[in-house]
Structure formats: C-alpha cells, structure tokens
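Working notes, beginning with the structure itself.
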Amino acid sequence: MVENRPLANILTHAVLILGVFFLCFPVWMALVASTHGPEAMARAPIPLWFGDQGLANYREILSGGVAHAGGVPVGKMMLNSLLMALGITFGKIAVSLLAAFAIVYFRFPFRMGFFWMIFVTLMLPVEVRILPTYDVMVKLGMLNTWSGLIVPLIASATATFLFRQFFLTIPDELVEAARIDRAGPMRFFWDILLPLSRTNIAAIFIILFIYGWNQYLWPLIITNDEDLYTVVMGISRMVNAGESRPVWHLIMATSVLAMLPPVLVVLAMQRLFVKGLVETEK
Amino acid sequence: MQKRVTFNTKTLPYLLVGPQIAVTLVFFFWPSWQALESALYIEDAFGLSRDFVGLRNFRDLLNDDVYLASFGVSFFFGIAVTFLTMALALALASAANRVLRAATAYRTMLIWPYAVAPALAGVIWYFLMNPSLGIASYWLDAVGVDWNHYVNGDQALLLVIIAASWKQISYNFLFFLAGLQSIPQSLIEAAAIDRAGPMRRFWTIIFPLLTPTTFFLLVVNLVYAFFDTFSLIHATTQGGPANATSTLVVKVYQTGFVGQDYGSSAAQSVILMAIVIAMTFVQFRYIDRRVNY
Amino acid sequence: MAHLSLKSLTKVYPGNVTAVEAADLDVADGEFVVLVGPSGCGKSTMLRMIAGLERITSGTLKIDDKVVNDVEPGHRNIAMVFQNYALYPHMSVRRNMAYGLKNEGKPKAEIEARINEAAQMLRLTEYLDRKPRQLSGGQRQRVAMGRAIVRQPAVFLFDEPLSNLDAKLRTELRAELKALHDRLRGTFVYVTHDQVEAMSLADRIVVMNAGRIEQIGAPIALYSRPETRFVAEFIGSPAMNFVEGVLGEGGAVLVSEGREVLQFDRPIGLAGSGFVVGLRPEHMKPSKGGFARLRFRRVFDEQLGADTLIHGTLDSGPTRVILRVDGALHLPDAERLEVGVAREHLHLFDPKTGLRIDT
C-alpha cells in the first residue's frame, strides 16, 4: 500500500467482514434451521444456534424424502443431479473439444458457417425459447428420459470458445513437429492437444459441473417422472407445496445438501475455478 | 483465427464438428425457428388447428397492460440487481485488494455463493424473510417495518432483488478483483506522488482503468437478471403477488405452460430474442473497442 | 543419407503474393547448405516446402530422386529443428525423442538404443527424464536436435535454430552443430538470417532476396566474388561500401555530380557510363598508395579492440563509408584521410541491374 493509515485498514477489514457476514448469514440460518424440529419453525423468532434434530432431519430426507413433495428421497434426487451434472459436463467438454479442434486445426468448406452457427447459440439462453424447445422434445419423444435431460444442454458455445481460444495459443510449431513426427490429426489430438489442455479442461469442468448441477427450468419441464427428479428443482416443489405449510426445517436441510457438492467443488479447487471463470469469460 | 498449418483430411473435420452442430440444429435452431413461426399464428385451446394472424400476437402484447408491466418489472429488477451487485462487489474487491495477507482467506469466504443455484438462493432468502418466522422479517418488525412479501408486491420484488444480487456478488467480486490486480502498482504510486489521496486515486485512476471490466459485468449482470433468475423467481414468488415479480421470462413461461397460449408465448420469445441479440451486439461493439485499447 | 533437388520450386500465397519464385537448387548427399537472406526473402518458406509444411504451388521437389511434392511431412524422411524448439511440453526428453519413432512403429529396443546414442552424442543422458521446461535454452535446442537425429532422416532441416539463444551460447552451439554434421555426414539444409552463422557453417550458401535465389556458392566465393550488389552488401560485416558514379576523362576517374570521387592508377578499361564500385571496409587502407584512391572525411571512430571502425563520408559528398583498420594502428588525428584499395579488392556492379561487372 502506498500509505499506511490505521483507520483505513480498520475500515477495509470492516467492509470485508460485513460482506462475508452478508454472504454467509443466510446459509448459516439454513444450516441452523436444518437442525431443529418442526416446533422450532412454528413461531418467530427462529433460533440462531443449532438444535439437536440435525441427524434425524437429514436421515429423514435422505431416505424418505418430504412427504408432500412426492416423497422422493433426497438421496435419490442428489444422485440424479449428479448424473445429470456429470452427463452435461462430460458431454459438453467432449463435444466442444472436438468442435474447437476441427475449427482451429482444419480448413474445410463451411468452417466459418459452423463457427457462426455455434456462436449464435451464445446469444439465446434456453429460457427465452422454452416453449418451442419443449415442443421439439415432445416431438422427439424425449420427455422423461435421461437423454432428454442431458443432450439438449450439451451444445455449449462457451466451452467451444474457451478451447478454441486456448488452441490458438498453442505454438504452430507443435503441430508441425507432430506432423514431421508422423502424427495424424487424431493422434495429435490424443497425444499432444489433450494433455496440453488438461488445466483448461479441469477449470471448465468446475464451471460446467456447477452449471449442470444447478439446472432448474430444464428438468422442471422435461420430467414429471419422480425417478428423474433432481434436487434443485425438487426443492421448489417442497416450497410451493400447495395447501400445506412448507416444512422449513426439512427444506433447509435439503437446500444445504443441494448446495453442498458445487460449493465444495469451488472451495476445493478454488485456484482452478477462479482461473477458469475469469479466463473463460474475458 | 486459424493455424498456419492445418491437417488436410477431407471428411474428418465434419465428423468432429458433427455432434455440436447436430445438437445445435435440433435443440437450438429448430425451436428458434418454431418460435418465429408460431408467433405469427393463433392456436386453439386443444392445439388442433391454428390460424395465421400475422403480427397480431405482437400487437396484442403491446396493448396488454400486464405484459407491459412485466417489461417495467424486468427493467427495474435488472437495473436494481446490476447496480446493487456491482456496487457491493466493487467495494469488496477494492477492500480485498487492499489487504495483502488475508486476501485469499477473504476471497474464499466471498466466492462460494457463485456455486449456489439461483433457485436455492431464492428459497433461502424466502425463508429468512418469511413474514411469520423469518429471522430477517422479525428484525425488520423490531425496527417498525411490517414485512409481508405474500401481500406486498414491492416487498416481494425487493426480496427477489436481494436474493438475486446475493448470489451474483461473488462473480462480480472475482472479476473486479482480477481487474484491480491487473492495474500496475506503479501507477498508483505515481498518483500518490502526485498527491492524490486514496479516494481521488480511486475515482481518477482506478475506476477509469476498470472500465472494460465494468462494462463487461454490466452486460453479464443484465443477462443474468433477465434470464438466469427465472428459477429464483419461479421457486419463490412465482411472479406474484399480482404479477409484481413477473419478469419477461417468467411471463413467457406462464403464458406458455400455465396459460397454454402458444402464439403469444412464442411472440414473447421472439421479443426476448431481439433483446438478447441487441445486448450481445452491444457487448461486441465493446469488445471491438477493447481490442483497440 | 540422400540428396535433395529443387526444380523451379514456386510458392504463391493467396492474394498473389509470391514468396518463392522458381528456385533451383541441388543439395548433394552429406552437404551442409545454408539458406540466408533478410526477413521475408522466402528462405523459411522454401525450407517449409521441403519439409512439407507448406504446399508447393509449382515445380518439383525430389528427395533421393523421388518426387515428394504431395507426400505428408511424416513420410518424407526428413527431420526438422525449429527456432522455438517446438518440444512437446508435457513429455519428458526421452518421450520427445521417441515420439516420431513410435509413430513409425519402430520396436522398443531400437528406439531405446537410438535415444541413448543421440543423448550421449549431445550430452543429454542425465536429462532424459526431465521435462523441457526444466531445461535451459541451449539444452532444449539440443533436445530438438536429438529428436531429429534419432529419426535418422535423409535430410535434416533447421529453421533458425540458434536465433532464440544468447550470443555466447549461439557461438557454442554453432561449433557443436558443425561437429555434429562432420560426425553424421548428413544432408543439412539450414535457414538463418545471420550471415556470420551462414559463413561459419555452410559448405555452400544460398543467398535469397525477395523470393529469388541471388547466388549459390561456397562462403569464401560469396565473399570474394559476389555476383550481385545485394550479395556483396549482405555478406561481410560491416557491410561493403558502395561508391557510385560515371567514368571521367580517360577512364581513370569516377565522377559523381561533377566531383571526383575515386581515382584509379590507370584506366580500368571498361566502356559504359555508370558504375557502382564496392569496397570492403577491411580492404580500405589509410595510405596514399593503392590502385583506387579516395578522399575520406572522418566523423568518428569506434574502437572495438582488435579493430577500429572509422565512420565517415566521401570528402566529395554525403556517401557514407566505413573503414576497418587494425586496432593497434595509430592514425593521425586528421579529419581528412587518403584511402587506397588494391586492384583485386575492387568490385564493380551495374547500377541498374546490380549485376557484377568483370574487369
């Protein structure tokens, strides 16, 4: 720092601590609420410290689920979320790696046409064309299927652009050396391009995993089969459960579980995550 | 744009882009085309027949007070979320950039909400602010604010604004921090030698240099507020009470899936697409400019 | 080992940009040929056409009497060393060297043997299991050479391999390269923009300019008998001085803009109006003698130790001239000097075509 002012230092930390409090407090309350029984949720104010029902609550939702949300066990929904998230993540990475490879390392008719086709998908999130997309799913008979849940979300312009960007930074001489070393295109892809992309793949994996896990609207409209319910979308069924009052202690327990995997991924791979996020979008 | 040397295989590149193009065609171009087309028809309630009506769906929308109101809600929501998020994130990033030693610790505690699904962010805040048992509404009551987002539309809108901003701060924080860290320290020192105090330095040196980041985040936040927050609103207020939190995307969904009005929903989709395309265009103008920096 | 033959090899880039125009060149088996020229002269394009990294627009390229115009680089039996090394960053030194052999389907034992031999030759044995980023620039370039050697190619191609190294290392590796060539007796084609490198390494130098071959010859031939003004200027450092003018009365004096710039002992016996006379700095002696004489106006001296470079102009005009004299020589502190050049050190060129004129 340029100058040393004790007051400014205190102020800086005060701002940061307030920020941390603002961001952490809601989740703290969710954690606390998830350890109380229904009677604690019946009157204000709700407790600010942990209760003793935690274990029971989590056991209840993991195995039995919440009765008036269809009673799908949260464990089952978590597994579904995981499958969907991994499916989307791996699918996207595979599809965009190949597409970026083609666009950067080959010259072929309609190359730019393809490039722009992929590019425009950046512009229109699924939310804006939700009904016609649903219609297409009906026509293809993909409602209530795993492929319906995953495949449409696999085309990702973002990942394709990230990989394209990265491939362009790989020195030309490496391809040339590989060609002189008798490596064909696919061998070059496997032996050289993929190993070199490891860090980038890992970084984008985190971001795509979060994206996949947090999907809400898509599973909501594509599935009404309980076997395919995912946890993020399952929670909204608990909150808006019709006539009965929401069971907040269980909803909060479910919320905590639902946010746990992506939050853990971010915290555990913080450096990769930051790199992936900041470099992808810039 | 491309490598100096490329492989000469003829069919392989098509096989490589194939999967992505196929998915894009089927799940992107086909539905988008359908939206464009259906926007020009009115379908009967059972979806058995439809009549070509030209631009009538659009005309109806522009004469529909509820739809126009959702425009207003969207823009207010978008601007409020964007402003709130960016102001808080910039303050936090500036502070984090100042503390050298604890920066990583603070960063860890500030970035994780990025991973929380918007729907979950909504549900948790919904719970915190719950009029009968939420802790925040209890505190508000103590200072004389009667909070009830089930009845009060303004409060409902405020609730979703806070929840949406809460989730988005982490993202903005990271970009502002990266932007701040890329400003050379020597520039700040030069300004200090030129007798600029910390506040003056911020507004005359740091903030202008952050312009590219700020502009980028502005567009990203608007897109986030317009589209990604659908799940947040749908999982909590569902657009209510009395359409007070019904943004354009919520309206598309409700018209289509709840109201079963295919033509109107498609017309709304088309309008939304036009908005996104316009925003993307603006973003690109800005990227072009940034290249010339 | 093999020989290489280029017949009117041409490269035209989209937009009608001719990079190499009708180049003819024969490289004998075991010969060390250096392509040299300023940047953009087409030397790299030529090398890349030989490598197969650049499509040949027209002409034929033969390796060992086999036309290889449309053969993939991996199947041309060549190996290449790049300026930026182009080592695979994620592979160890060993795997870098093995990669091409593996792709050829060579048996493991043979690959191992070849790598060990090359590593020994290049003093890389103890680094075989390191990654490229753990090596210094010089070591990396040796690995790149090793990768070429293990292939036992018909032709070795080098694309400015020493340009990324610092001056000291460059001199060291230059000597190593020369020794390597003596040892392998391979056919080497080597591209550089550095004429010193070209002079010290080559059996024959190919000087290129604007997509065309200016002259092919042994280093000393290029130095002592440059066929064009371009070659004369490019080879030698500091560059050759040029004095332009027309022959005056009796043919024993060169006149420019009405002033005498150069006097000869006797008429040089040439017809024609204008000439460019080339004089190498090291051949210009500050003395009253010599076949050709000029008056020199001294501006400043640059003492390099062994030599002293004296910068100045012709006394008669603005033409810049540099003299290179022995560092131990004590010159009078005069502003004007008489300078003489021996007969055999005069180079005459046609001012229009730039071609050498023999006297």
Return the pairs, sorted by first residue and then second, in which the second residue is among the polar types (S, T, N, Q) and buried (at least 18 other Cβ atoms within 10 Å of the Cβ), the first residue lies in segment A:133-144 and is facing another protein chain (nearest Cβ under 9 Å), the beta carbons are less than 9 Å apart, and the residues are 6+ apart or on different chains.
A:T133/B:S32; A:T133/B:Q34; A:D135/B:Q34; A:D135/B:S38; A:V136/B:Q34
Would it be correct to say that B:S132 is free of Cβ contacts under 8 Å to residues at least 60 places away in the same chain and part of a loop (DSSP other than H, G, I, E, B)?
yes
When segment B:232-249 is examined, which residues are found to be open to solvent by less than 10 Å² (accessible area, probe 1.4 Å) and closer than 12 Å to B:G122 by Cβ?
B:L232, B:I233, B:A235, B:T236, B:T245
Examine segment B:198-213 for a residue that is open to solvent by less than 10 Å² (accessible area, probe 1.4 Å), aliphatic (A, V, I, L, M) and assigned to a helix (DSSP H, G or I), and state whether such a residue exists.
no
Residue satisfying all of: in segment C:66-79; out of contact with any Pro (no Cβ under 8 Å at 6 or more places or on another chain) and facing another protein chain (nearest Cβ under 9 Å); surrounded by the most Cβ atoms within 10 Å (Cβ to Cβ) among these
C:P73
If we scan segment C:268-276, do we find a residue that is under 30 Å from C:R212 (Cα atoms) and modelled with pLDDT of 90 or more?
yes
Would you mind stating whether A:R129 is closer than 30 Å to B:S74 by Cα and either touching a residue at least 60 places away in the same chain (Cβ under 8 Å) or buried (at least 19 other Cβ atoms within 10 Å of the Cβ) (or both)?
yes
I'd like to check which strands (runs of 3 or more DSSP E) are fully inside segment C:199-284 and have at least 1 residues that are over 19 Å from the mean Cα position of the chain (by Cα) and either in contact (Cβ under 8 Å) with a residue 24 or more places away in the chain or crowded, with 19+ Cβ neighbours inside 10 Å (or both).
C:241-247, C:253-256, C:259-264, C:274-279
Among the residues in segment B:181-195, are any within 12 Å of chain A (Cβ to nearest Cβ), within 24 Å of A:M259 (Cα to Cα) and either open to solvent by 20 Å² or more (accessible area, probe 1.4 Å) or part of a helix (DSSP H, G or I) (or both)?
no
Tally time: how many residues in segment B:7-40 are surrounded by fewer than 18 Cβ atoms within 10 Å (Cβ to Cβ) and in a loop (DSSP other than H, G, I, E, B)?
4
When you scan segment A:154-184, how many residues do you find that are open to solvent by less than 40 Å² (accessible area, probe 1.4 Å), part of a helix (DSSP H, G or I) and away from chain C (no Cβ under 14 Å)?
8
For residues that are at pLDDT 85 or above and either among the β-branched types (V, I, T) or on the phi > 0 side of the Ramachandran plot (or both), tally how many sit in segment B:244-261.
6
Within segment A:185-213, which residues are open to solvent by less than 20 Å² (accessible area, probe 1.4 Å) and either of a type in the set (A, V, I, L, M, F, W, C) or not in a helix (DSSP H, G or I) (or both)?
A:F188, A:F189, A:I192, A:L193, A:S197, A:A203, A:I204, A:I206, A:L208, A:F209, A:I210, A:W213
When segment B:65-116 is checked residue by residue, the ones that are surrounded by 17 or more Cβ atoms within 10 Å (Cβ to Cβ) and either touching a Pro at 6+ places or on another chain (Cβ under 8 Å) or of a type in the set (S, T, Y) (or both) are B:Y67, B:S70, B:S74, B:T82, B:T85, B:S94, B:Y106, B:Y114, B:A115, B:V116
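Residue by residue, here is whether (1) surrounded by 15 or more Cβ atoms within 10 Å (Cβ to Cβ); (2) outside any loop (DSSP other than H, G, I, E, B); (3) of a type outside the set (S, T, N, Q) holds:
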position: C:F300; (1), (2), (3): no, yes, yes
position: C:G305; (1), (2), (3): no, no, yes
position: C:T308; (1), (2), (3): yes, yes, no
position: C:H311; (1), (2), (3): yes, yes, yes
position: C:I322; (1), (2), (3): yes, yes, yes
position: C:V325; (1), (2), (3): yes, yes, yes
position: C:P332; (1), (2), (3): no, no, yes
position: C:G340; (1), (2), (3): yes, yes, yes
position: C:T353; (1), (2), (3): no, no, no
If you go through segment C:28-35 one residue at a time, do you hit one that is part of a loop (DSSP other than H, G, I, E, B), within 16 Å of C:V155 (Cα to Cα) and either free of Cβ contacts under 8 Å to residues at least 60 places away in the same chain or not charged (D, E, K, R) (or both)?
yes
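The values are calculated or read from the model by the stated rules, or taken from the named source; none is laboratory data. As the structure is a computational prediction, the values presented were derived from the model and not from experiment. Cβ coordinates were reconstructed from backbone atoms using ideal geometry, including for glycine residues, and neighbour counts include every protein chain displayed. Keep in mind that these areas ignore ligands, DNA and RNA; they rest on the heavy atoms of the full protein, side chains included. Shrake-Rupley method; radii C 1.70, N 1.55, O 1.52, S 1.80 Å.
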